[in-house]
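The block underneath contains the structure these notes are about, expressed in structure tokens.
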Amino acid sequence: MRVLFAVFSYELRRFSTYRVATAAGVFTNSVFGVINAMVLLAVFDAKPEINGYVAEDAVLQVFVAQAMIGPVAIFGPPLDLADRIRTGEIAVDLLRPVHPLLWWLAHDLGRAAFSLAFRSAPTFTVGLLVFALPPPAAPEQWAGFAAAILLATLVGFGLRYLYAISGFWLMDTRGVHATAWLLGTFASGMVLPLVLFPDAMAQVLRLLPFAALVQVPAEILMDKATLPGGTIAGGLAYQAAWAAALIAIGTLLTARATRKVVVQGG
Amino acid sequence: MPDLPAAAAHPAPADPIVDVRGLGRSFTVSEGPFLRRTRRTVHAVADVGFTVPRGAIVGYLGPNGAGKSTTMKMLTGILSPSSGTVRVAGLEPARQRTRLAARIGVVFGQRTTLWWDLPLRDSLALTRHLYHVPATDHARRLAELTELLELGPFLRTPVRQLSLGQRMRGDLTAALLHDPELLVLDEPTIGLDVVSKSTIREFLLKLNAERGTTILLTTHDLGDVERLCRRVMVIDHGRLAFDGDIAALRDSAPAPRTLVVDLAAPTAPITVAGARCVAVEGPRQWLELDANPAAVIAAVAAEHEVADLTLREPDIEEVVADLYRRPAGERGRITA
Ligand SMILES: Nc1ncnc2c1ncn2[C@@H]1O[C@H](COP(=O)(O)OP(=O)(O)OP(=O)(O)O)[C@@H](O)[C@H]1O
Ligand SMILES: [Mg+2]
């Protein structure tokens, strides 16, 4: 497993060479967060409490969402794997004595770790300062949130891995990715907290894996009763179940793909 | 020494490192506009069989689309055969890909295993963990390869800033740091200049001579073949058209030998029996031979004042080109 740790740290270092992109990311996430928060404040002006959320909760969730964009990569980038399948570069990946899913997981965790430290943390801090939000006090909320970020990252990876390996069958995954980004944006609670959706719709969205990316981590930080099972532990269990399921499906499909795989190009 | 039965005194040669029998791979390709799409089966490799003994350097040649890369992919386990069997280092590549990976080194000249954005040495360091090479062995081999392939000046350069030749040397190093028994190279000198090509060729010869590494390579560069391979296989339309040593390949070719004649003074094109003048340049004439050279040389010397004579064997390049050009039916399979 030393190799996976090495891959993780190389990716961490690789992303640290993209300084301008990182600064731009913090800037856009912060600006978009402020706009999004102001829109939601207007909504809560009309109605002070919606399904257990008050204005501060909604704003806090907006900045949780902006902070999560990097680690879970809701809007991409797709895993490099997608492109490598399309171009046939996957051939050299398959020559390595490491399971492709673990290889790409180590990659993605390296990227996510960098993103968390240099994109998420600054963006989240900007949000707390601009809106003078009192950060949650209870240590179990913070501990739960930390675990939730890790699990959300695993779910984000699990989803993006599936999008990427669909390329073994589809040859062009742009459609899959575009649909997924759109679905992920709304179904994760990224732009609008799921509590603002009509009840029936919210119920359905809370069953999908996307809710594990933003909605559930935000509710864990705020220790909301709307969490699965009504507790932080319930929220974490829901995320863990999706992470495990997605990774299991990914492993299964990888085995099928590599058995029948057609590596493109000479 | 006690008496031994003859068989034990001369043990049978070790198993071949590559053993391919009746190997075939077809692809289904869809063509045409969306609604009138038709399906067609391409037989990229059809019924190929050969073995490679340990320690050999074998060239695998063929025109574009002949099935060379497809064969290499099946040998390395990244593509499963449609028919036939493959054994490499005693393993079945498609099913034991991961185990095989530790025993072989592979370079696809058009692709890289190196980390695009990181210094070359980081990618090389990774192979130690990838193949569980003890740190001291890794350091020793890296130092050796760095010297032989002259990697020193760019070990710290990000791979994206390397020239093609530098990158190729980096990829070769990455493929060799775990000291594989077999090195599979798919066009290792593609796009390289003369100097880089020769660095790589000399390196491969040395690797083969000193470590006994078996090398199987595809190439369009017949300079590679002439310098490196005693044996070549030629594949065309997915079938072996030739398997034997280079001399036999030359003999098999009807490509004519050429006699270059330097005369004392320019004259009209020479006419002698058994030869045809194909070019004249001042006092120098080129005669294509279709008979015994000795008779032609004697006849030329009898009629003209000759300053110098050279007999040119057909270039391996011409021989191979000729082999590709022959209609498939007529060609059959030539085995030497
Ligand atoms: N993934 C694929 N899908 C469909 N056809 C393929 C695929 N890969 C190869 N082929 C076909 O198989 C044949 C052999 O291809 P291959 O790449 O093995 O040729 P090659 O000998 O390596 O040629 P080159 O010298 O151009 O590299 C070609 O006709 C090619 O079109
Ligand atoms: Mg090829």
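Diffusion coefficient of segment B:1-145 by Stokes-Einstein, Kirkwood radius over Cα pairs, 4 °C, 1.567 mPa s: 69 µm²/s. Helix B:316-325 axis versus longest C-alpha principal axis of chain B: approximately 90°, rounded to the nearest ten. A:Gly250: net charge of surrounding residues, Cβ under 13 Å, Lys/Arg +1, Asp/Glu -1, itself excluded? Once positives and negatives cancel, what remains is +1.
Diffusion coefficient (Stokes-Einstein, Kirkwood radius over C-alpha pairs, 4 °C, 1.567 mPa s) for segment B:258-313: 119 µm²/s, rounded to a whole number. Please build a GNM for chain B, connecting alpha carbons under 10 Å apart, and tell me which residue among B:Arg36, B:Arg211, B:Arg284 fluctuates the most. Of the options given, B:Arg36 has the highest mean-square fluctuation. Close amide H partners of B:Trp115, meaning residues 5 or more places away or on another chain with modelled amide H under 5 Å apart, are B:Ser123. Rounded to the nearest 20 debye, the dipole magnitude of the protein assembly as shown is 1280 debye, with +1 charges on Lys and Arg beta carbons, -1 on Asp and Glu beta carbons, and the Cα centre as origin. Surface composition of segment A:198-247: carbon and sulfur make up 75 percent of the accessible area, probe 1.4 Å. The A-B contact accounts for roughly 2700 square angstrom of buried accessible surface, both chains included, probe 1.4 angstrom. Derived from the Cα gyration tensor, the three semi-axes of the equivalent ellipsoid of chain B are 42, 26, 24 Å, largest first. Ignoring everything but the protein chains, give the 1.4 Å probe accessible area of B:Leu126 in square angstrom, nearest 10. Ignoring ligands and nucleic acids, B:Leu126 comes out at about 10 Å². A simple rule links phi to the HN-Hα coupling: the Karplus curve 6.51 cos²θ - 1.76 cosθ + 1.60 with θ = phi - 60°, which for segment B:283-296 gives x, 9, 10, 10, 10, 8, 8, 10, 10, 3, x, 4, 4, 5 Hz, with x for Gly and Pro.
Straight Cα distances below 19 angstrom link A:Lys47 to the aspartates and glutamates A:Glu56, A:Asp57, A:Asp199, with same-chain residues fewer than 8 positions distant left out. When A:Met222, B:Met74 are compared by accessible area of protein heavy atoms, the largest-first order is A:Met222, B:Met74, using a 1.4 Å probe. Taking 18 Å as the straight-line reach from the Cα of B:Lys197, the aspartates and glutamates in range (excluding those fewer than 8 positions away in the same chain) are B:Glu147, B:Glu150, B:Asp171, B:Asp186, B:Glu187, B:Asp221, B:Asp224, B:Glu226, B:Glu317.
For segment B:202-209, 3J(HN,Hα) computed residue by residue from phi via the Karplus equation (6.51, -1.76, 1.60; θ = phi - 60°) reads 5, 4, 5, 4, 5, 4, 5, 6 Hz, glycine and proline entered as x. With Cα atoms as the point set, segment A:156-266 shows a radius of gyration and Dmax of 16.3, 56 Å. Residues B:His138, B:His237, ordered by accessible area of protein heavy atoms at a 1.4 angstrom probe radius and largest first, appear as B:His237, B:His138.
Temperature 25 °C, viscosity 0.890 mPa s: under these conditions the Stokes-Einstein estimate for the protein assembly as shown, based on its Kirkwood radius over C-alpha pairs, is 86 µm² per second. Where is the GNM fluctuation largest for chain B (alpha-carbon springs, 10 angstrom cutoff): B:Gln110, B:Gln285, B:Gln166? Greatest mean-square fluctuation among the candidates belongs to B:Gln285.
For B:Ile235, the residues whose modelled amide H falls within less than 5 Å of its own, excluding neighbours fewer than 5 places apart on the same chain, are B:Leu61, B:Gly62, B:Ala241.
Using only the heavy atoms of the protein chains and a 1.4 Å probe, how would B:Phe108, A:Phe32 rank by accessible area, largest first? Working shown, then result.
Values: B:Phe108 10, A:Phe32 105 Å².
The ordering from most to least exposed comes out as A:Phe32, B:Phe108.
The residues of segment A:2-257 expose, per residue, 41 Å² of accessible area to a 1.4 Å probe. Computed from phi, the 3J(HN,Hα) profile of segment B:233-242 under the Karplus parametrisation 6.51, -1.76, 1.60 (θ = phi - 60°) reads 10, 10, 10, 8, 6, x, 10, 6, 9, 7 Hz, with x in place of Gly and Pro. To the nearest 10 degrees, how steep is helix B:164-176 against the longest Cα principal axis of chain B, on a 0 to 90 scale? It is inclined by approximately 60 degrees.
The Rg/Rh ratio for chain A, using Cα coordinates for both the radius of gyration and the Kirkwood hydrodynamic radius, is 0.99.
Within chain B, DSSP assigns beta bridges of which about 70% are antiparallel (rounded to the nearest 5).
The figure for B:Glu92 is an accessible area of roughly 60 square angstrom, using a 1.4 Å probe on the protein chains alone.
Roughly how much of B:Arg167 is accessible, in Å² to the nearest 10, using a 1.4 Å probe? Around 30 Å² of this residue is reachable by solvent.
The values are calculated or read from the model by the stated rules, or taken from the named source; none is laboratory data. Small disclaimer: the values here were computed from a predicted structure and weren't measured. As a convention, Cβ positions derive from the backbone with ideal geometry for all residues, glycine included, and neighbour counts pool all protein chains shown. Areas reflect the complete protein model, heavy atoms only, side chains present, ligands, DNA and RNA absent. Shrake-Rupley method; radii C 1.70, N 1.55, O 1.52, S 1.80 Å.
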